[in-house]
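Here, each number is a calculation from the coordinates, and none is a lab measurement. Since we're looking at a predicted model, the values are computed, not measured. Every residue, glycine as well, gets a Cβ built from its backbone with ideal geometry; the counts of neighbours run over all protein chains shown.
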Amino acid sequence: MIISIETQSILNQKLSGVYIFINLINGHMYIGGAINLYARQRRHTWELTTNRHCNQHFQRAFNKYSTNNFKFDIIELTSPDRKIICEREQYWINFYNTCDRAIGYNIVKDVLSPGKSLKGIKKPAWYGEYKSKELSEKFGIEYCLKSPQGEIIQGKGLGALCKKFNIPFTSIRRVIKGELDHCHGWRLPDTEIKDFEYKFKDPYGKIIRIPFGKLHDYCKNLGTITTGGLFNVWNGTAKYCRGYTRYDVDLHYKFKNPNAEIIEIGKGFLKDFCKLNNLNAKCMDRVIHGQNKQHNGWTRA
């Protein structure tokens, strides 16, 4: 998918407006409107590349000509008012006449009509099965789990449980399937856990112990690291996050400061450390890789 630097910079601001996909081979167009242009562009791209787009006319063209022959652009920016967005979307669809199969890929002629998302659109065969499975997993699963405090919690509707106790839905679903031993201390009733705490090395090599169920509070108070990022370090999905590593993994750089003191810095924390100590991150990186012997008196230990 071709996106210019200027368009990408606008997308990154997550503004509202009307967008267009252009087939660079035959000039055919698809026009749409969105409150969040960034999210909508990513959604379209994902659906098209995974062959799941609800507009089969657009999907077949994408499959035929490939992603490199489509360009995404923004026609007009608007306020985040849904009615205004629809009015402007309708204007541009009429202007380019993209509902004409010889010109464009749009199917819905009247975007302001009720039931816009269903009118004239034939959903692919997988769609109903995919949505019903997604909803049943989130709201229909019967669960029986043990909380970090050892209490047995039973009910129906895994999504509500995750929202109430601030635990990630995908991870707790993996616990139920047996792919994870636990998630933030939540586990199956017959699963025993030896350590009821997370153990990490902070950016300076100090061992940090966080009780299960308190990871979110710890990250929130810290303000520099996300709960998901730190949890991924703990379960092995990521090696480090902002200098934090698992307690049994050594991913720290060791330096000797101008006072000959040994300082440990976690991988991924070098830039923040240099800002705090008025050092140049690129120069310190050269010291790490042996390209420079020292920087402002700092050397490899």
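One table, with the values for the structure above:
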{"quantity": "Theoretical ellipticity at 222 nm over the chain - DSSP helices of four or more residues, -39500 (n - 2.57) apiece, nearest 500", "calculated": "-10500 deg cm²/dmol"}
{"quantity": "Convex hull per residue volume in Å³, alpha carbons only, for the range 252-300", "calculated": "64 Å³"}
{"quantity": "Check: the range 252-300 dipole with +1 on Lys, Arg Cβ and -1 on Asp, Glu Cβ, in debye", "calculated": "160 debye"}
{"quantity": "Candidates L158, L188, L270, ranked by Gaussian network fluctuation over the chain, Cα under 10 Å, top entry", "calculated": "L270"}
{"quantity": "Charge dipole magnitude, Cβ of K and R +1, D and E -1 - the chain, Cα centre, debye nearest 20", "calculated": "200 debye"}
{"quantity": "For the range 165-206, the spread of Cα positions along each principal axis, largest first, Å", "calculated": "36, 22, 19"}
{"quantity": "Neighbour count of at most 16 Cβ within 10 Å plus DSSP loop: longest trypsin sites (Lys or Arg not before Pro)-free window in the chain", "calculated": "123-193"}
{"quantity": "Relative intensity, log₁₀ I(q)/I(0), of the chain from a Debye sum that treats every alpha carbon as a point, q = 0.15 Å⁻¹", "calculated": "-1.09"}
{"quantity": "Cα-derived Rg to Rh of the range 197-246, Kirkwood definition", "calculated": "0.90"}
{"quantity": "Kirkwood Rh and Cα Rg combined as Rg over Rh, evaluated for the range 217-257", "calculated": "1.03"}
{"quantity": "Å³ per residue enclosed by the Cα convex hull of the range 207-301", "calculated": "110 Å³"}
{"quantity": "P(r) weight above 18 Å for the range 1-122, C-alpha pairs, percent", "calculated": "50 percent"}
{"quantity": "Stretch in the chain that is longest and holds no GluC sites (Glu not before Pro) that DSSP places in a loop and that have at most 13 other beta carbons within 10 Å", "calculated": "1-150"}
